[in-house]
Amino acid sequence: MTTKTMDLNHETAMRLWIKSFGKETKVKDFSGREIAKGAYGDRNSQYGWNVDHILPQSKGGTTADHNLVCCNIKTNDEKADKFPCFYANGKKFEIVRVQNHYEIKSVVKTPQQEKQADNELNFYDSASGLRFFKKLKGIQNKKRFVGSVLIRVEGLQNNAVVDFIEELFSEENISYPDFKPYGGYGLINNCLSSELRILITNYDMPQKDDISELLNRCILLNTYFSAYFRPLDYVLSYEIDFSVMYFDDKSKMYDYMKNGGELAQIKGGLDNTLYISDLVIINTEAKEKLSETGKLQQYDYIYSQLSKNLKKEVEGR
């Protein structure tokens, strides 16, 4: 569909007036102010009006019919390029997306809802942005538990494995320490033989449930690696290392993480298993199966039913 665009001039304004109001010569704009057809562009008249962009041009709005509105000059001045909320004629409005265009909607809220809306984060509004920044300044010394999962893969044959991992851990921060272009990998049986490392990081895990959930996803990945990816030769070998570290404040956390943390120092062969640290053991059901130590311990658990189903897929390929 072709979008109709035009210059904002008197001819365009009259055409939009007729399109919006037909043969009426005096109407009220969306804010309730009166405008008169013959007072287009007249700032000396209380009925003066012009044409405004619904979604401001500064926010990507186009000069197309569906993004234009006839309104009182005072209304236009009050709206300006505010987005998504603004006040006009003492009333609050919101610019909302409706299918493939934007519309101005009146906001009618209770005092409690108004207070909540005023606290909503809007980086286009300086008061909102600075209020959020000042709140952040007050939690820099907050105690933090940081979870890191290092996934080591040897002999990657299909990039779909990496895409699968990215989706499984899509809610976390993902990086590739010591990543090399594929030209830096050697080939063994048409497989990429050099080790690929994927680092999954969650910088704020205050609840035991957060650690348990990340452990569950590690067990899920361990299940897929052992029952499907390796049997089908999508990888030659793998290892999953999950560690949780405690920090008194963010500065200590940054100093520690800038070098990749303790997991970045892991070397040696890949054991085709899952390892977890003492803080993972203490804060999850793993404490019922393992003792607490200062080192990573093997936790080679899988989801049995899922593993059986995956193995059936391998056998029936």
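The values are calculated or read from the model by the stated rules, or taken from the named source; none is laboratory data. Just so you know, these numbers come straight off a predicted model, no measurement behind them. Note that we place each Cβ from the backbone using ideal geometry, even for glycine, and neighbour counts take in every protein chain shown.
Which of the residues spanning the stretch 42-72 are assigned to a helix (DSSP H, G or I) and touching a strand residue (DSSP E or B) at 6+ places or on another chain (Cβ under 7 Å)? If the condition is that a residue be assigned to a helix (DSSP H, G or I) and touching a strand residue (DSSP E or B) at 6+ places or on another chain (Cβ under 7 Å), then HIS66, ASN67 are the ones that fit. Of all residues in the stretch 240-253, at least one satisfies being within 20 Å of GLY155 (Cα to Cα), out of contact with any Gly (no Cβ under 7 Å at 6 or more places or on another chain) and modelled with pLDDT of 90 or more.
Which of (1) within 30 Å of PHE132 (Cα to Cα); (2) hydroxyl-bearing (Ser, Thr, Tyr); (3) modelled with pLDDT of 90 or more does THR110 not meet, given it meets every other one? Here THR110 meets the rest and fails (3). Total residues in the stretch 22-41 satisfying the condition of being assigned to a strand (DSSP E or B) and more than 10 Å from ILE73 (Cβ to Cβ): the figure is 5. State which residue is surrounded by the fewest Cβ atoms within 10 Å (Cβ to Cβ) when the search covers only the stretch 47-79 and only residues that are within 22 Å of HIS10 (Cβ to Cβ) and without any contact (Cβ under 8 Å) to a residue 24 or more places away in the chain. In this case the residue turns out to be ASP77.
Selection of the stretch 122-171 for residues being among the hydroxyl-bearing types (Ser, Thr, Tyr), more than 19 Å from the chain's Cα centre (by Cα) and not assigned by TED's automatic domain parsing to the domain that holds VAL235 yields SER126, SER128. One residue stands out among those in the stretch 132-175 that are assigned to a loop (DSSP other than H, G, I, E, B) and charged (D, E, K, R): the one that is farthest from GLU239 (Cα to Cα), which is LYS142. Inspect all residues belonging to the stretch 25-35 and state whether any of them is over 18 Å from ILE104 (Cβ atoms) and in contact with a helix residue (DSSP H, G or I) (Cβ under 8 Å, 6 or more places away or on another chain). Yes. Can you find even one residue in the stretch 181-203 that is in a strand (DSSP E or B), modelled with pLDDT under 90, more than 29 Å from THR293 (Cβ to Cβ) and of a type in the set (Gly, Ala, Ser)? Scanning the stretch 181-203, I find at least one residue that is in a strand (DSSP E or B), modelled with pLDDT under 90, more than 29 Å from THR293 (Cβ to Cβ) and of a type in the set (Gly, Ala, Ser), so the answer is yes.
The set of residues from the stretch 293-311 being surrounded by 11 or more Cβ atoms within 10 Å (Cβ to Cβ) and either hydrophobic (A, V, I, L, M, F, W, C) or in a loop (DSSP other than H, G, I, E, B) (or both) comprises LEU296, TYR299, ASP300, TYR301, ILE302, TYR303, LEU306, LEU310.
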